[in-house]
1. Hey, could you check the stretch 68-113 for residues that are part of a helix (DSSP H, G or I) and more than 22 Å from the chain's Cα centre (by Cα) and say which is farthest from Gly54 (Cα to Cα)?
2. Here is a list: Ala305, Ala338, Ala309, Ala359. Which entry is touching a Pro at 6+ places or on another chain (Cβ under 9 Å) and small (Gly, Ala, Ser)?
3. I need the full set of residues from the stretch 119-165 which are among the acidic types (Asp, Glu) and either assigned to a loop (DSSP other than H, G, I, E, B) or touching a Lys or Arg at 6+ places or on another chain (Cβ under 6 Å) (or both), in order please.
4. Being over 22 Å from the mean Cα position of the chain (by Cα), at pLDDT below 95 and basic (Lys, Arg): is that true of Arg255 here?
5. Of Pro387, Pro356, Pro377, which residue is closer than 30 Å to Gly331 by Cα, surrounded by fewer than 18 Cβ atoms within 10 Å (Cβ to Cβ) and without any contact (Cβ under 8 Å) to a residue 60 or more places away in the chain?
6. From the list Met317, Met242, Met282, which residue is within 26 Å of the chain's Cα centre (by Cα) and modelled with pLDDT of 90 or more?
7. Can we say Ala32 is surrounded by 18 or more Cβ atoms within 10 Å (Cβ to Cβ), in the same structural domain as Thr134 (by TED's automatic domain parsing), without any contact (Cβ under 8 Å) to a residue 60 or more places away in the chain and assigned to a strand (DSSP E or B)?
8. Considering the stretch 2-17 alone, what residues qualify as being more than 25 Å from the chain's Cα centre (by Cα) and outside any strand (DSSP E or B)?
Amino acid sequence: MNAKTIIVTGASQGIGAGLVKTFLERGYNVVATSRKVSESKELPVSDRLVRVDGDIAHAATAEAVVNAAVKAFGKVDGLVNNAGIFIAKPFTDTTEDDYRQLLSINLDGFVYMTQRVIKQLLAQGTGGAITSITSPLADHPIAGVPASIAMITKGGIESASLNLAMEYASQGIRVNTVGPGIVDTPMHANGPKDILATLSPINGISTIQEVVDAVVFVTEAPRVTGEALRVDGGAHLGKWVMNASQAHAAGAERRLVELGLTLPPPPSPFGKYVEAVRVGNMVYFSGMLPAVGHDLPLLGRVGEALTVADGRKAAEMAALSALAAAKEFLGSLDKVTAVAKLGIYIATVGDFREHPAIADGASELMARVFGDDMLAPRVVLGMASLPLGVPVELEVLLEVAE
């Protein structure tokens with residue numbers, strides 16, 4: 001019963017799984033939670049590990065997690081609020097659904113878990129440590145990363161943590177945050193490592209263990225409270241000078257990273273054809289569908305089974321499929337010198353008139369990735385039906401470097 005007990009949220013993979021492993025190695029009892037943590041293959045088997053499935057956006061999950069810790073190990077000594085999501089979108093493009101997801105997972109989860117753990121620590125009278133994962137973008141924004149809505153949550157956690165550190169200092173409860181930059185996690189598994197490495201003055205990508213070590217430090221340091229520790233290779237220091245090779249790389253591939261966009265698997269043909277062919281310095285693509293690999297998550301006609309928001313999402317998905325196909329064919333999106341044409345075909349009911357709002361989903365995504373100077377001419381047509389029942393199909397023509 002002398003071993004300390006710590007709770008880790010978002011524990012199924014990535015940083016969360018790394019935290020669980022390291023705390024176990026250091027002799028802690030660990031209570032790990034996420035929606036499906038019981039199914040995680042990344043966590044070790046240990047009699048000092050308890051898994052609790054649950055949605056941290058609900059207060060009942062916090063209650064269940066703390067009760068499980070007390071039942072299994074008799075007490076709680078600390079909490080790591082690791083669970084969270086990141087959505088990078090322009091402020092005016094963020095949907096109500098995006099906003100609600102960010103608030104529920106990032107802020108509601110933080111409030112419910114932290115509140116319940118502090119109540120337990122006060123009841124025990126033994127003090128403890130609360131550490132939350134935030135982001136350097138909370139107070140050091142980057143022009144190419146539109147994350148204002150996401151930073152309402154991360155910045156809110158940092159501000160709340162400062163106040164909690166002061167509020168409970170006399171009870172021996174320490175509250176800190178750790179803000180990672182780019183980390184080698186499943187979130188960036190398909191990202192271009194050479195581009196990711198240029199996003200901080202210290203060239204490179206943080207490992208999961210480097211972030212874990214920072215969390216362990218502030219969790220165990222007895223006189224550290226109210227701190228925001230950055231693990232970002234110095235990116236929070238401000239602007240820095242890129243060398244020539246870095247500057248050359250700061251094209252579409254880098255913007256993908258800065259925008260937090262992850263390309264889906266490259267599309268595969270649904271019939272007897274190829275996805276792309278090059279003629280001179282032009283690359284012609286087959287019709288791009290809102291597919292994830294060979295799956296089609298959105299089906300139906302706009303104005304009937306689907307809303308305008310659904311249609312816009314389908315256009316964005318089709319554009320991402322086009323980018324994935326281009327990257328697969330060219331090797332790098334930085335070889336693209338112009339988006340010569342976008343044809344956007346939308347399956348709608350007969351009297352539908354909001355085609356431009358849907359088409360903008362594809363046009364704006366392309367402009368965000370390639371830059372406004374590559375904003376493409378386009379043709380938008382309403383159709384009675386499209387192949388396989390999809391709501392949107394794109395025709396894409398790219399100019400590429402010789």
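1. Of the stretch 68-113, the ones part of a helix (DSSP H, G or I) are 68-73, 91-93, 96-113.
Next, only the ones that are more than 22 Å from the chain's Cα centre (by Cα) stay: 68-73.
Details: Ala68: 12, Ala69: 14, Val70: 17, Lys71: 17, Ala72: 18, Phe73: 20 Å.
The residue in question is Phe73.
2. On the way: Ala338 fails: touching a Pro at 6+ places or on another chain (Cβ under 9 Å); Ala309 fails: touching a Pro at 6+ places or on another chain (Cβ under 9 Å); Ala359 fails: touching a Pro at 6+ places or on another chain (Cβ under 9 Å).
Criteria check complete, one pass: Ala305.
3. Taking the stretch 119-165 as the starting set, the residues that turn out to be among the acidic types (Asp, Glu) are 139, 158.
Scanning the stretch 119-165 gives a single hit, Asp139.
4. Working: over 22 Å from the mean Cα position of the chain (by Cα): no; at pLDDT below 95: yes; basic (Lys, Arg): yes.
Considered against the rule, which asks whether it is over 22 Å from the mean Cα position of the chain (by Cα), at pLDDT below 95 and basic (Lys, Arg), Arg255 comes out as no.
5. Working: Pro387 fails: without any contact (Cβ under 8 Å) to a residue 60 or more places away in the chain; Pro356 fails: closer than 30 Å to Gly331 by Cα.
Every option except Pro377 fails the conditions.
6. Working: Met242 fails: modelled with pLDDT of 90 or more; Met282 fails: within 26 Å of the chain's Cα centre (by Cα).
Unique residue meeting the criteria: Met317.
7. On the way: surrounded by 18 or more Cβ atoms within 10 Å (Cβ to Cβ): yes; in the same structural domain as Thr134 (by TED's automatic domain parsing): yes; without any contact (Cβ under 8 Å) to a residue 60 or more places away in the chain: yes; assigned to a strand (DSSP E or B): yes.
When the stated conditions are applied, Ala32 passes them.
8. Hits for the stretch 2-17 are Asn2, Ala3, Lys4.
The values are calculated or read from the model by the stated rules, or taken from the named source; none is laboratory data. This is a predicted model, so every value here is computed, not measured. Cβ: placed from backbone, ideal geometry, glycine included. Neighbour counts: every protein chain shown.
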